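Student: Pasting a structure here, questions to come.
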Amino acid sequence: MYVVAHVDTSICSQTSCRLCTQYCPEANTILYDAVRKTAYVAVDRCKGCEICVGICDTLAKHHAIKMLSVEEIEDPFEMAKGSIPSPA
């Protein structure tokens, strides 16, 4: 079983703090969608280190990120597909 970070967008969109995007050690893994005002995880890049969970829970006190098994995520690539701008 492989676990990855999952952002609860209903909580995250209320705060818009973006700390998780700054502390994630894996480049382009936790990104911010300015339109939806929420962070999201590129599941295919997440290594499961849980640093973002610590930042969100302890530093930001938002509790918007938790680790889920890849099998538990409904559509793991939906967020990444919908948030990446198409080339012009």
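Readers should treat all values here as calculations from the given coordinates under stated rules, not as data from a laboratory. Quick caveat: nothing in here was measured; it's all calculated off a predicted structure. For neighbour counting, all protein chains shown are included, and Cβ atoms are generated from backbone atoms with ideal geometry for every residue, glycine included.
Student: Indicate the gyration tensor shape class of the range 3-75 (rounded, prolate or oblate), computed on the Cα atoms with a ≥ b ≥ c the square roots of the eigenvalues: a/c under 1.5 is rounded; otherwise a/b larger than b/c is prolate and the rest oblate.
Tutor: Rounded, because the longest to shortest axis ratio a/c is under 1.5.
Student: Starting from the Cα of Gln22, step 7 Å along the direction of its Cβ; do the same at Lys61; then give the gap between the two resulting points in nm.
Tutor: 1.7
Student: Let me ask something additional. Which distance in nm do the two modelled labels at Arg45 and Glu74 give, with both placed 7 Å along the Cα-to-Cβ direction?
Tutor: Reported label-point gap for Arg45 and Glu74 is 2.4 nm.
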